[in-house]
Structures are given as C-alpha cells and as structure tokens.
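*Asks:* Right, I'll just put the structure down here and ask away after.
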Amino acid sequence: LPYLKHLVLKDNALFTSSAEPFFRDIGQASILETLDLSSSGLSDLPLVIEEVRSSLTELHLDSNPFNGASIPSSLYSLTNLRILTLDDCELWGKIDSTIYGLSNLVLLSASNNKLEGGLPPEISHLSSLSTLRLRNNSLGGTLPSSFNLLSSLTTLDLSWNRNDGNVGITGPLLEFAELSALTRLDLSHNSFSGPIPDFFLASVDPSTFDYADLSDNLLVASFPIGIKPIFQSVYLQQNKITSIQQICDAALTGSELESFGCDAILCSPGTFNSLGRSRSSKDPCRKCNTNGGAQYFGSVECEKCEIATSLTHRDAIELIYSSCNGPNWE
C-alpha cells in the first residue's frame, strides 16, 4: 500500500458488505493520487480519506446514496484535488462558500442531485477550473458576476435547474466576454431574463467553439449582431426573442443557410418546428393552426397537440427527450 498511486473500486458493494473494514487500511497509501469509489454503496465520506488528503488529486464518488445529505464538509479540505465528481449522489443543500479552498480544481461535476440556493461567488477563486457541471439540480438566484473571471473555463453546464417547481437560475445573462477558452456553454431550462449582452462570448474562438445552449429561458429583445461568428452554434429557441432581422441580414448573406432565410436562425412568430429553427427542407418552420400561437421567435410548438411531422431520427429523439422533461424523464 505505501506505493499505491491509483485505486479504482467502482461498481462494488464495498460499503454495503463485510468488505468495508478492509478499506480502512487505505490510509497507509501515503502517495495515493486517484481514488474511484463510484457506485460502491457509500452513504457518507469515509474518514480514512482524511489520511490521504495531502496526496489525493482525483476523487470520484458518483452514484452513491448519500440520501439527502449535503456535500460532506470534509471534501472542502482536500485542497490538492484537481478532479471531483459527485454526480447522481442524492445530495441536497447548498454549495458552501469554503469551496474556494479547492484552489487546484480543474473539473467539478455534481449533476443530477438536489443542490439548491445560489452559486457562491467564491467559485471564481478556482482559477484553474476548466469544467463545471451542475446540471439538473435545484439551484436558484442570479449567476455571480465573478463567473466572468473564470478564465480557464472550457465547459460550463448549469442546465435543467428549472424543475419540480423551482424556477432555476434567474436574472441577467452574463457576457462571458473574456472567457476565450470557453467551448461549451449550457444554460438551458432556467429563468434567465433580459436582453442578450452585446458582447456575449466576444472572445471565443469560432473554430473551436462547440455550442451555447440558451434555450427555454425568458430572454427578450433581439439576437445581438455580435454573435455573428458563432450564430450557428447558439441555441435560443423557447425564449421571448422579438427581433432577429439585424443578425439575419449580417450572418446569412453568402452562407450555406441563406436559402432558408431568417428561419435558419429562429422560426418567426406564428410558426414553429421541432427545433425552433429550420436548416433542412425536411423540417421547415410550419404555420400554427391557432391564432396567437408561437408569439416569439424560435417556438418549438404552438399547442401541445401540434407536432412537426417531417423529422429526422435524431430530431424525433430530441423532441421526445425534451417533451418528457429531459434528464427527469421517468
């Protein structure tokens, strides 16, 4: 054990059987760097982890039944951690402000839990953080402006926090104007409101940028022209967008989508399709059969009984997924 660096015990009933006493000797692994206890029956953090805190850099605790407990406070003292995953752990409560002590974190993932409250501004002290995934929780409040300082961030996923009566994350959308390394941004299924900032994602590299999903929020006003370099990778369906003409004129001219007109950006009011925009002749934006349906640009339905009839297999699967409440599908 003194020479053990990596230990993977995932998918074992380690903490639900007589095997647990043997785990106590892990404290002797004085240079242990990686520990994977995913799906091992944990209901609390083993005290023995404190004995390897100085060497541990990677800890996976996914899919363990913490049964409504908050994030164990002892995790915040593992100051050398670079990777921490807590997905599907039935965690409740708030993310503590002492998270700033995990200053070496590169990846933090705690999706599919019941974490609540606002995101602590102290997360911005994690200057090395590259990936932050907190999708499908019950987070709320506004997004701290200090998130604009996470200069190493490549992936930010805060989607699907509007669920089970929770309104999700609210307030204005941040510009993220200085986050040049960002490639994936998912803020969908929340309650962000107000206009899209003029310099939204201004410094990202269009050649490496993957997507920004802002769908199913309360964003208003226009689609800013500053998004032109990445407009094909920005998803804005199911908001309250009232104008796209400026970006339509600037972005579509000479592009491969020009033949689809402004519908290639968002379906116009009074029309809809499964994705809120049309980039295939097989799935055009269709007129609503009822007056007053699809009031804004980018609608995916007029009434729940109306469904687009010409879909690719992928579009059909995406439509079923979103209609069944996404990751909360039961």
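The values are calculated or read from the model by the stated rules, or taken from the named source; none is laboratory data. Computed from a predicted structure; not experimentally measured. When we count neighbours, we look across all protein chains shown, and the Cβ atoms used for this are built from the backbone with ideal geometry, even at glycine. Side chains included, ligands, DNA and RNA excluded: accessible areas come from the protein's heavy atoms. Shrake-Rupley method; radii C 1.70, N 1.55, O 1.52, S 1.80 Å.
*Asks:* In the set Leu174, Leu149, which member is among the aliphatic types (A, V, I, L, M), within 16 Å of the chain's Cα centre (by Cα) and within 28 Å of Leu105 (Cβ to Cβ)?
*Replies:* Testing whether each residue is among the aliphatic types (A, V, I, L, M), within 16 Å of the chain's Cα centre (by Cα) and within 28 Å of Leu105 (Cβ to Cβ) leaves just Leu174.
Residue-wise test of (1) in contact with a Phe, Trp or Tyr (Cβ under 9 Å, 6 or more places away or on another chain); (2) surrounded by fewer than 20 Cβ atoms within 10 Å (Cβ to Cβ); (3) part of a loop (DSSP other than H, G, I, E, B).
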{"position": "Leu7", "(1), (2), (3)": "no, yes, no"}
{"position": "Phe15", "(1), (2), (3)": "yes, yes, yes"}
{"position": "Ser40", "(1), (2), (3)": "yes, no, yes"}
{"position": "Ser63", "(1), (2), (3)": "no, no, yes"}
{"position": "Gly68", "(1), (2), (3)": "yes, yes, yes"}
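*Asks:* Sort through Asp164, Asp157, Asp186 and tell me the only one that's buried (at least 19 other Cβ atoms within 10 Å of the Cβ), among the acidic types (Asp, Glu) and either touching a helix residue (DSSP H, G or I) at 6+ places or on another chain (Cβ under 9 Å) or farther than 20 Å from Ile99 by Cβ (or both).
*Replies:* That would be Asp186, the only listed residue that is buried (at least 19 other Cβ atoms within 10 Å of the Cβ), among the acidic types (Asp, Glu) and either touching a helix residue (DSSP H, G or I) at 6+ places or on another chain (Cβ under 9 Å) or farther than 20 Å from Ile99 by Cβ (or both).
Per-residue answers, yes or no, for (1) farther than 24 Å from Ile241 by Cβ; (2) under 16 Å from the mean Cα position of the chain (by Cα); (3) part of a strand (DSSP E or B):
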| residue | (1), (2), (3) |
| --- | --- |
| Leu119 | yes, yes, no |
| Ser127 | yes, no, no |
| Asn136 | yes, yes, no |
| Leu156 | no, yes, yes |
| Asp164 | yes, no, no |
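Each row is one residue, and each column tells you yes or no for (1) more than 16 Å from Pro195 (Cβ to Cβ); (2) crowded, with 21+ Cβ neighbours inside 10 Å.
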{"position": "Lys240", "(1), (2)": "no, no"}
{"position": "Ser243", "(1), (2)": "no, no"}
{"position": "Gln246", "(1), (2)": "no, no"}
{"position": "Ala250", "(1), (2)": "yes, no"}
{"position": "Thr253", "(1), (2)": "yes, no"}
{"position": "Gly270", "(1), (2)": "yes, no"}
{"position": "Gly276", "(1), (2)": "yes, yes"}
{"position": "Ser280", "(1), (2)": "yes, no"}
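*Asks:* Continuing with the same structure: Have a look at Asn148, Asn112 and point out the one that is part of a loop (DSSP other than H, G, I, E, B), open to solvent by 20 Å² or more (accessible area, probe 1.4 Å), at pLDDT 95 or above and not charged (D, E, K, R).
*Replies:* Asn112
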